[in-house]
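Chemist: Let me give you the structure first, and then I'll get to my questions.
The values are calculated or read from the model by the stated rules, or taken from the named source; none is laboratory data. Predicted model only: the values in this text are computed from it and were never measured. Here the Cβ positions follow ideal geometry from the backbone for every residue, glycine too, while neighbour counts run over all protein chains shown. With ligands, DNA and RNA removed, areas are computed over all heavy atoms of the protein, side chains included. Shrake-Rupley method; radii C 1.70, N 1.55, O 1.52, S 1.80 Å.
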Amino acid sequence: MSKALDGVKILDFTHVQSGPTCTQLLAWFGADVIKVERAGEGDATRGQLRDIPDADSLYFTMLNHNKRSVTLDTKNPKGKEVLETMIRQCDVLVENFAPGALDRMGFSWERINELNPRMIVASVKGFGPGPYEDCKVYENVAQCAGGSASTTGFDDGPPLVTGAQIGDSGTGLHLALGIVAALYQRNTTGRGQKVLAAMQDSVLNLCRVKLRDQQRLDRTGVMKEYPQYPDQHFHEAVPRAGNASGGGQPGSILKCKGWETDPNAYIYFITQGAVWPAICRVIGEEGWIEDEAYKSPGARLLHLKPIFARIEEWTMTKTKFEAMDILNKFDIPCGPILSMKEIAEEPSLRATGTVVEVDHPVRGKYLTVGNPIKMSDSATEVTRSPLLGEHTDEVLAELGYDRDTIAALRAEKII
Ligand code: CAO
């Protein structure tokens, strides 16, 4: 079977998480991704958070599947020549170095464009142009600067970062889309272009509904679906909404049977208007169906806390899976709080390739998250991440270098 990005060659100059997420996705769509790493060291994540001595860490292996690895000292003049050859022969260069690093290396956009006018140069940076454009940025900085932290957590606690890597992996996703769009546009223009995804911008894009709420708050001074309503005062900025649903259908996380000992014995419960009568019947409050105080969604907003407290009395009598079974029969939207252990063991996620077991020559078998995007005509086979420099000779030979030249570059520690 062919793949969506067959024939696309990516010079992958990425490291850590944001950039590698992007190029891993492109590799899963069939692009030939050649990861260029510093000779002798490689991507710093190879050695970070190691669980097996001397084996590439899960941090690295889980972000670099389906790629080839080349080692190259791109600050050495001969290394630069090799990089220039790669730039001439590749379609896309993806990088997430600190601001200015590529320029300092001698590969400005102008220089790359001169070497290969068709090349797309795609970058992740912490911030776009502005006061912070020169800053180095990691995940949680982006979550804080992009509006996520100030709107996550509970009203009486500090801002919270989330475990979902929306700054890194979220930005990688945005960048991948920009690259594919630029490749499509190149079909008509014949030209490459610069693609930038800033981590602050990507997080803000994912927090779009909170900017919506800011403007609602500015106009009306109140947000009735937030837990601060009706008892507390709203300040000038969107507050932290705890586990409120964030949409037009009120929701909350409720305890289930076993919550005293199991930190994940909880369910997310949404009181969708359409199924209100069914909810009342399930929890044994049939009287609420016609009660004026509970009958309409608007009336219920005044009583969300007691409503969820009553529903929780019911959920606490069921395990999260029993509650799911009962509620789904009535189309009541709900979801179990699944632990990573439960997700790792879930057979349906294995069956769809969302959770995949991969074999690695040094570390052995491990689990990873496969391609979350499923395509009917471009299947994904997840293959292991490359060892440092595993494909250096192979790639240099493809670029036109003979064995003696490769040996000489190795002797000089350039590759
Ligand atoms: N050969 C020779 N030199 C190389 C090389 C190679 N193959 N690959 C990289 N280098 C050099 C770079 O040119 C740079 O050199 P200078 O500092 O002299 O210009 C140097 O290695 C280090 O690059 P860096 O500054 O990007 O790396 P860092 O570890 O200090 O910073 C990070 C890491 C992530 C904070 C920074 O890269 C960054 O802000 N990136 C943009 C935002 C981003 O992607 N953040 C998400 C990271 S995932 O949490």
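Chemist: In nm², what is the average projected area of the convex hull enclosing the Cα atoms of the stretch 205-266?
Modeler: If I average the Cα hull's projected area over directions, I get 5.5 nm².
Chemist: Let me ask something else about it. With the dipole of the stretch 237-299 worked out from charges on the C-beta (+1 for Lys and Arg, -1 for Asp and Glu) around the Cα centre, which of G248, N264, A293 lies farthest toward the positive end?
Modeler: Most positive-ward Cα: N264.
Chemist: Next up: Rank by packing, highest mean first: peptides 212-221, 30-39, with packing defined as the count of other Cβ atoms within 10 Å averaged across residues.
Modeler: Per-residue mean Cβ counts within 10 Å order the peptides as 30-39, 212-221.
Chemist: Setting aside same-chain residues fewer than 8 positions from K136, which lysines have a Cα under 25 Å from its Cα?
Modeler: K35, K75, K80, K125, K194
Chemist: What residue among L349, I337, Y366 has its Cα farthest toward the positive end of the dipole of the stretch 312-368, where the charges are +1 on Lys, Arg and -1 on Asp, Glu, each on the Cβ?
Modeler: Towards the positive end, the residue furthest out is Y366.
Chemist: In addition: Using helices alone, what [θ] at 222 nm do you get for the chain, with -39,500 (n - 2.57) per DSSP H run of 4 or more residues, divided over all residues and rounded to the nearest 500?
Modeler: Mean residue ellipticity, 222 nm, calculated: -10500 deg cm²/dmol.
Chemist: GNM, the chain, Cα, under 10 Å: largest mean-square fluctuation among L25, L196, L302?
Modeler: Result for the chain, Cα springs under 10 Å: L302 fluctuates most.
Chemist: According to the square roots a ≥ b ≥ c of the eigenvalues of the Cα gyration tensor, what is the shape class of the chain, taking rounded for a/c under 1.5, prolate for a/b larger than b/c otherwise, and oblate for the remainder?
Modeler: Prolate shape, in that a/c is at least 1.5 and a/b is the bigger ratio.
Chemist: Moving on. Roughly what would the spin-label model give for T162 and V222, points 7 Å off Cα along C-beta, in nm?
Modeler: About 2.8 nm separates the two model spin labels.
Chemist: Something else now. Return the long-range amide H neighbours of K125 (sequence gap of 5 or more, or a different chain), with a cut-off of under 5 Å between placed amide H atoms.
Modeler: Those lying under 5 Å, H to H, from K125 are A197, A198, M199.
Chemist: Quick one: putting +1 on the C-beta of Lys and Arg, -1 on the C-beta of Asp and Glu, what dipole do you get for the chain around its Cα centre, in Debye to the nearest 20?
Modeler: Value, rounded to 20: 540 debye.
Chemist: To the nearest 10 square angstrom, what accessible area does V180 show with a 1.4 Å probe?
Modeler: Rounded to the nearest 10, that gives 60 Å².
Chemist: Using the Karplus equation 6.51 cos²θ - 1.76 cosθ + 1.60 (θ = phi - 60°), what ³J(HN,Hα) coupling, rounded to whole Hz, does each residue of the stretch 327-339 give in order, writing x for Gly and Pro?
Modeler: Ordered by residue, 3J(HN,Hα) equals 5, 5, 4, 9, 6, 7, x, 7, x, x, 7, 8, 7 Hz.
Chemist: Using amide H atoms built 1.01 Å from N in the peptide plane, name the residues 5+ places from L93, or on other chains, whose amide H lies under 5 Å from its own.
Modeler: Answer set, sorted by chain and number: L11, I120, V121, A122.
Chemist: Compute the Cα gyration tensor for the stretch 296-373, then decide on rounded, prolate or oblate, letting a ≥ b ≥ c be the square roots of its eigenvalues: rounded whenever a/c is under 1.5, prolate when a/b is larger than b/c in the other cases, and oblate in all that remain.
Modeler: Note, shape of the stretch 296-373 comes out prolate.
Chemist: Per residue of the stretch 352-357, what does 6.51 cos²θ - 1.76 cosθ + 1.60 with θ = phi - 60° give for ³J(HN,Hα)? Whole Hz please, x for Gly and Pro, Karplus curve as stated.
Modeler: 8, x, 7, 10, 10, 9
Chemist: Is the shape of the stretch 361-415 rounded, prolate or oblate, going by the alpha carbon gyration tensor and its root eigenvalues a ≥ b ≥ c, with a/c under 1.5 for rounded and a/b larger than b/c for prolate?
Modeler: Taking the square roots of the gyration eigenvalues as a ≥ b ≥ c, the stretch 361-415 is oblate.
Chemist: Among the listed pairs K9/K210; K9/K374; K255/K341; K67/K374, which have their C-alpha atoms separated by more than 28 angstrom in this model?
Modeler: K9/K210
Chemist: Still on this structure: Step through the residues of the stretch 141-146 one at a time and calculate ³J(HN,Hα) from phi using the Karplus curve (6.51 cos²θ - 1.76 cosθ + 1.60, θ = phi - 60°), rounding each to whole Hz and writing x for Gly and Pro.
Modeler: Result, rounded to whole Hz: 5, 5, 4, 6, 7, x.
Chemist: Using modelled backbone amide H atoms (1.01 Å from N, in-plane), which distant-in-sequence or interchain residues come within less than 5 Å of E37's amide H?
Modeler: For E37, the qualifying residues are V70, T71, L72.
Chemist: Additional query: I need to check one value: relative contact order of the stretch 205-362, counting alpha carbon pairs closer than 8 Å and at least 6 residues apart, in percent.
Modeler: Relative CO of the stretch 205-362 lands at 20 percent.
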